[in-house]
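Structure, as structure tokens:
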Amino acid sequence: MRTRTTIAGLFLWLALAPGLGAAGPQGGPKLSARLAAGVVRLGDTGAVNLTVEDGRDARVLALPEVAGLRFGRPSEPRLRQSTSYVNGRISSESTLTIVLPFRAEAEGDHEIPPIALEIDGRRQETRALRVTVVRDITGADFGFVEVRPTAQRVVEGQPFTVEIRFGWLASEQVNFAELNLPWWDSLPGAIELAERTIPQESRVDGIIVNGRLQVAAEQLDPSERKGRSFLTLRLSKTFLPTRSGPLEFPTSFFEFGVRRQGLFDARRDSHFVEAAPFAVEVVELPSAGQPLDFSGAVGALAARASADQRDVRAGDSIKLTVEWTGQGNLEFFRAPDPGSLEVFRGFRAYGSTEEKRPERRTVVYDLAPLSSEVETIPALPLTVYDPAAERYVTVSTEPIPIRVRPLERAATLGDDERRFERDIADIDARAPAPASHGGGPGQDRFLATALVAVPLLGLLARAHVRRRSGDPGAPLERRRRRAARALGRALERAPDPVAAQAAWLEFLAARTREPAAAWNGRDFGRWAAQHAPGLERELARAAGALQADLEAAVWGGAAAPERARLIELGRKLAEAGL
Amino acid sequence: MRARALRVLLAALLLALPLGAQSSFERGVAAYRAGQYAEACAAWNETLAEELDALGRARVYHDLGNAHWRLGETLPAIACYTAAVRLDPRHAEAWHNLELARAKQGLAPADSGDLSATLQRLVTSLRVPERRALVFLGLTLWVVVLTLEMRFGGRALRLALLATTLLVPLLALPWAHGLLAPTRAAPMVVVASASVPLRAEPLEARASVGELAVLEEVERLDELPGWTRVERADGLRGWVSTDSLLALRL
């Protein structure tokens with residue numbers, strides 16, 4: 001019976017286990033902290049293991065700050081769940097574990113203050129912990145590390161190098177070496193410069209820095225320490241300070257030893273040695289005595305110049321190669337511009353190309369001599385601050401003698417510039433004429449009056465003419481004006497007296513602004529006496545006679561009047577104002 | 001005996017005439033050719049004091065501007081060239097020299113070349129007699145077209161009359177512009193290298209009531225030794241150092 005009950009309970013547990021696990025026990029999450037090791041060797045890494053029971057989520061709110069311990073980034077929470085069945089009772093638990101690593105950087109007892117975590121949205125703190133850091137007393141017997149700057153005091157812009165010499169007893173078996181250099185990755189206030197390359201024959205790869213990087217070190221000759229031979233390696237890094245103030249280099253550690261890889265784990269037997277912290281003082285560049293053309297060069301520099309051609313014609317290109325070498329910020333100063341220097345007035349600078357290396361700065365200038373009077377490429381000066389002498393000095397190249405031959409059948413470039421300069425037009429040597437009196441304001445008054453009066457009078461006259469004679473552009477008026485010409489043309493085409501009479505009657509009708517039929521059978525003399533009293537009596541009589549002759553020719557067969565007589569009479573009537 | 005003496009006297013006068021009659025203008029030309037630009041300036045200033053026609057005066061101002069230019073006096077040169085082109089708007093050499101001098105002085109071109117400046121040049125490019133002739137021509141043309149229209153009528157002539165009526169004001173525009181443009185009886189130009197203070201009284205210690213800009217044109221009202229009383233275009237009057245001014249005789 002008991003066996004059946006137990007089996008039934010097992011089935012029930014299997015069915016309910018997930019739900020029970022999710023529900024969890026009563027009482028809320030519990031936080032605990034413990035050290036991976038209570039005693040840590042100086043330079044070694046330790047860890048604080050943070051355990052949260054029955055919590056779903058947890059994170060470290062702030063890293064503790066302890067002098068002598070450098071805490072690293074906490075690990076991601078690791079969840080472990082377990083369920084147990086004991087005496088018919090089923091219990092389930094979940095555990096979150098966070099590892100908080102630290103490096104021991106100072107000897108002594110260190111108290112780690114309570115560490116605050118946020119667990120399922122609520123804040124909880126651990127209890128304080130105590131860790132003891134002890135020096136690896138045997139480490140100094142088996143190895144060494146020295147970290148030294150090339151200068152303890154530099155000026156802004158003056159490069160300096162930090163050299164790390166480290167090594168171990170030559171007879172010691174060592175298969176791993178790790179440097180812990182807190183300043184290696186970033187040094188606020190300084191720029192890291194490119195490193196010089198290590199010769200292949202002395203290159204040792206596989207040196208670990210800060211647990212992440214693998215770098216190559218230069219193997220030096222073995223060094224003697226306390227009567228024993230030590231294998232010696234060297235690493236170096238060059239910095240360019242960008243601001244004044246101290247540059248802090250914290251304690252550096254060197255761990256070396258043997259690492260053994262087992263079937264399931266790795267073991268390492270190592271020693272630790274440390275290098276004392278130090279600081280490099282960076283001072284400002286002195287403003288007193290700083291030349292106006294100072295281009296930022298700092299260090300002990302030397303300059304050398306060479307020209308690709310020394311026998312040229314005026315205007316030919318000369319490549320002037322200037323090299324600055326030495327200990328200084330060779331990559332960071334502004335190279336001098338010959339075009340702005342008075343001594344290079346005899347040249348035209350077309351441009352330059354530059355090559356920057358840590359140990360050499362090379363600038364190639366493209367110059368052209370402007371005249372055959374140029375005999376040397378002048379010294380090219382560069383103002384440099386010499387930290388050793390603590391003053392500004394001028395580093396110049398040597399002048400280079402050259403021969404410039406004049407251009408054949410051509411002026412020099414300098415002459416060309418002057419020749420194309422614009423000039424004023426020459427004076428006018430014609431003597432001025434004396435002023436002629438008269439005119440002037442009087443003419444202007446006359447013109448002003450005319451401008452008003454002429455249009456006014458003209459328009460008045462036009463209105464008057466229109467009122468009296470009507471529109472001269474009207475069809476009857478145009479017919480009247482053209483009557484004489486039309487008579488001539490019609491008579492030219494008239495084959496018989498009938499056509500001549502029709503032309504004449506049309507002429508009279510046009511001149512009197514009437515239809516042609518109105519003049520059929522009309523007595524000209526009587527009409528003129530009534531409607532054109534101003535017409536000469538003789539002219540009226542002649543017109544009446546001509547009209548009678550035309551009728552006689554048409555109806556009586558008499559000879560038709562001559563065409564010239566008709567035209568002449570028509571012209572006279574038109575002129576008389578008919 | 002008396003007749004012989006008269007003949008000798010006449011011959012002497014004739015011989016002496018070319019030397020004594022050398023005008024101030026010719027002396028200026030000779031001095032300029034000899035590189036004596038200050039003497040040329042003095043001689044041509046004498047010439048300008050005479051009664052000259054506008055074109056001749058423009059030529060003298062152009063030459064005077066050249067003398068100032070050779071003396072390195074760019075601002076007086078600009079003032080003279082400006083006077084020259086105002087008197088003879090189509091004086092090409094004066095225009096060339098004016099623009100060159102203004103460029104050297106760092107000033108904007110006198111003729112900026114935009115539409116407004118081009119229209120201005122168009123209106124002012126004629127000399128005074130040409131402007132009057134243009135008005136006369138316009139009026140004559142209008143009378144002719146009017147007469148034809150009165151005599152013959154018709155649409156074409158009416159349109160021609162209308163066009164001529166519109167044309168006359170256009171032709172009269174340069175003349176009217178010259179007539180209505182503000183003129184100064186005694187114009188002066190500021191030729192100091194910087195703006196000069198306009199003072200209420202002819203004393204350096206007096207506070208300035210305004211400033212005269214470089215190349216600003218003012219009217220001369222009065223003169224005292226070393227001081228000239230001028231009136232600005234906006235009507236502000238004051239005293240200014242005579243050394244800062246150049247009188248123009250337009």
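The values are calculated or read from the model by the stated rules, or taken from the named source; none is laboratory data. Predicted model only: the values in this text are computed from it and were never measured. Quick reminder, even Gly has a Cβ in these numbers, built from the backbone with ideal geometry, and neighbours come from all protein chains shown.
Scanning the range B:26-50 for residues that are of a type outside the set (G, A, S), more than 19 Å from B:Y81 (Cβ to Cβ) and out of contact with any helix residue (DSSP H, G or I) (no Cβ under 6 Å at 6 or more places or on another chain) returns B:E26, B:R33, B:Q36, B:E50. Screening the range A:522-538 for residues that are of a type in the set (G, A, S) and part of a helix (DSSP H, G or I) and picking the one that is nearest to the chain's Cα centre (by Cα) gives A:A528.
With the requirement that a residue be of a type in the set (K, R) and either out of contact with any Pro (no Cβ under 9 Å at 6 or more places or on another chain) or more than 10 Å from chain A (Cβ to nearest Cβ) (or both), what does the range B:121-139 give you? Quick ask: steps written out before the conclusion?
Step one: filter the range B:121-139 for residues of a type in the set (K, R), giving B:121, B:127, B:131-132.
Listed by number, the residues that qualify are B:R121, B:R127, B:R132.
The set of residues from the range B:78-93 being within 12 Å of chain A (Cβ to nearest Cβ) and surrounded by fewer than 19 Cβ atoms within 10 Å (Cβ to Cβ) comprises just one member, B:A92.
Here A:T325 meets each of (1) β-branched (V, I, T); (2) over 31 Å from the mean Cα position of the chain (by Cα); (3) part of a strand (DSSP E or B); (4) more than 23 Å from A:R153 (Cα to Cα) with one exception, condition (4). Screening the candidates A:A15, A:A8, A:A22, A:A62 for the property of being surrounded by fewer than 13 Cβ atoms within 10 Å (Cβ to Cβ) and at pLDDT 85 or above yields one hit, A:A62.
The C-beta contact set for the range A:458-482 (first residue more than 8 Å from every other protein chain (Cβ to nearest Cβ), second residue aliphatic (A, V, I, L, M), distance under 6 angstrom, 6+ apart or interchain) comprises A:R479/A:A510; A:R480/A:A510. Which ones in the range A:247-273 are over 15 Å from A:W184 (Cα atoms) and among the acidic types (D, E)? If the condition is that a residue be over 15 Å from A:W184 (Cα atoms) and among the acidic types (D, E), then A:E255, A:D265, A:D269 are the ones that fit.
Out of all the residues in the range B:140-153, is one or more in contact with a Phe, Trp or Tyr (Cβ under 6 Å, 6 or more places away or on another chain), within 29 Å of B:L87 (Cα to Cα) and at the interface with chain A (Cβ under 10 Å from one of its Cβ atoms)?
Within the range B:140-153 (the criterion being in contact with a Phe, Trp or Tyr (Cβ under 6 Å, 6 or more places away or on another chain), within 29 Å of B:L87 (Cα to Cα) and at the interface with chain A (Cβ under 10 Å from one of its Cβ atoms)), the answer is no, since none of the residues qualifies.
Considering A:F272, A:F253, A:F239, the condition of being under 34 Å from the mean Cα position of the chain (by Cα) and in a strand (DSSP E or B) is satisfied by A:F239 alone. Taken across the range A:451-463, residues that are surrounded by 14 or more Cβ atoms within 10 Å (Cβ to Cβ) and touching a Lys or Arg at 6+ places or on another chain (Cβ under 7 Å) do not occur at all. When we screen B:R220, B:R199 for residues that are charged (D, E, K, R), at pLDDT 90 or above and touching a Phe, Trp or Tyr at 6+ places or on another chain (Cβ under 6 Å), the only hit is B:R199.
Selection of the range A:248-265 for residues being surrounded by fewer than 24 Cβ atoms within 10 Å (Cβ to Cβ) and over 17 Å from A:Q173 (Cα atoms) yields A:E248, A:F249, A:P250, A:T251, A:G262, A:L263, A:F264, A:D265. For the range B:59-71, check the following and say yes or no: at least one residue is under 27 Å from A:L447 (Cβ atoms), more than 9 Å from every other protein chain (Cβ to nearest Cβ) and among the basic types (K, R). No.
In the range A:395-420, of all residues being in a loop (DSSP other than H, G, I, E, B) and modelled with pLDDT of 65 or more, the one that is farthest from the other protein chains (Cβ to nearest Cβ) corresponds to A:E398.
If only one of B:L6, B:L75 is more than 14 Å from chain A (Cβ to nearest Cβ) and either modelled with pLDDT of 95 or more or surrounded by 14 or more Cβ atoms within 10 Å (Cβ to Cβ) (or both), which one is it? Show your work before the answer.
Details: B:L6 fails: either modelled with pLDDT of 95 or more or surrounded by 14 or more Cβ atoms within 10 Å (Cβ to Cβ) (or both).
B:L75 is the lone residue from the list that is more than 14 Å from chain A (Cβ to nearest Cβ) and either modelled with pLDDT of 95 or more or surrounded by 14 or more Cβ atoms within 10 Å (Cβ to Cβ) (or both).
Looking at this structure, is A:G339 in contact with a strand residue (DSSP E or B) (Cβ under 6 Å, 6 or more places away or on another chain), surrounded by 15 or more Cβ atoms within 10 Å (Cβ to Cβ), under 30 Å from A:T197 (Cβ atoms) and not charged (D, E, K, R)?
Working: in contact with a strand residue (DSSP E or B) (Cβ under 6 Å, 6 or more places away or on another chain): yes; surrounded by 15 or more Cβ atoms within 10 Å (Cβ to Cβ): yes; under 30 Å from A:T197 (Cβ atoms): no; not charged (D, E, K, R): yes.
No: the conditions fail for A:G339.
Take the conditions more than 14 Å from every other protein chain (Cβ to nearest Cβ), of a type in the set (G, A, S) and closer than 23 Å to B:R86 by Cα and apply them to B:S241. Does it pass? Reasoning before the result, please.
Details: more than 14 Å from every other protein chain (Cβ to nearest Cβ): yes; of a type in the set (G, A, S): yes; closer than 23 Å to B:R86 by Cα: no.
No.
When restricted to residues that are in a loop (DSSP other than H, G, I, E, B) and of a type in the set (D, E, K, R), the range B:85-115 contains 4.
Here's the yes/no breakdown for (1) within 30 Å of A:R482 (Cα to Cα); (2) touching a helix residue (DSSP H, G or I) at 6+ places or on another chain (Cβ under 7 Å); (3) modelled with pLDDT under 90:
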residue: B:L87; (1), (2), (3): no, yes, yes
residue: B:A101; (1), (2), (3): no, yes, no
residue: B:D114; (1), (2), (3): no, no, yes
residue: B:R121; (1), (2), (3): no, no, yes
residue: B:R132; (1), (2), (3): no, yes, no
residue: B:L159; (1), (2), (3): yes, no, no
residue: B:A163; (1), (2), (3): yes, no, no
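Taking first residues from the range A:539-555 that are assigned to a helix (DSSP H, G or I) and partners that are β-branched (V, I, T), the Cβ contacts under 9 Å between residues at least 6 apart in sequence or on separate chains come to A:A553/A:V498; A:V554/A:V498.
As a summary of the residue check, A:G440 satisfies the conditions (1) more than 35 Å from the chain's Cα centre (by Cα); (2) modelled with pLDDT under 90; (3) away from every other protein chain (no Cβ under 14 Å) except for the one numbered (3). The single condition among (1) surrounded by 14 or more Cβ atoms within 10 Å (Cβ to Cβ); (2) closer than 21 Å to B:A172 by Cα; (3) over 21 Å from the mean Cα position of the chain (by Cα) that B:M150 does not satisfy is (2).
Of all residues in the range A:166-190, those being surrounded by 15 or more Cβ atoms within 10 Å (Cβ to Cβ) and within 25 Å of A:G299 (Cα to Cα) number 5.
In the range B:104-145, of all residues being among the hydrophobic types (A, V, I, L, M, F, W, C) and touching a Ser or Thr at 6+ places or on another chain (Cβ under 6 Å), the one that is farthest from B:G178 (Cα to Cα) corresponds to B:V145. Would you check if A:G257 is at pLDDT below 90 and touching a His at 6+ places or on another chain (Cβ under 6 Å)? Against the criterion (at pLDDT below 90 and touching a His at 6+ places or on another chain (Cβ under 6 Å)), A:G257 qualifies. The one condition from (1) surrounded by fewer than 13 Cβ atoms within 10 Å (Cβ to Cβ); (2) assigned to a loop (DSSP other than H, G, I, E, B) that A:A431 does not meet is (1).
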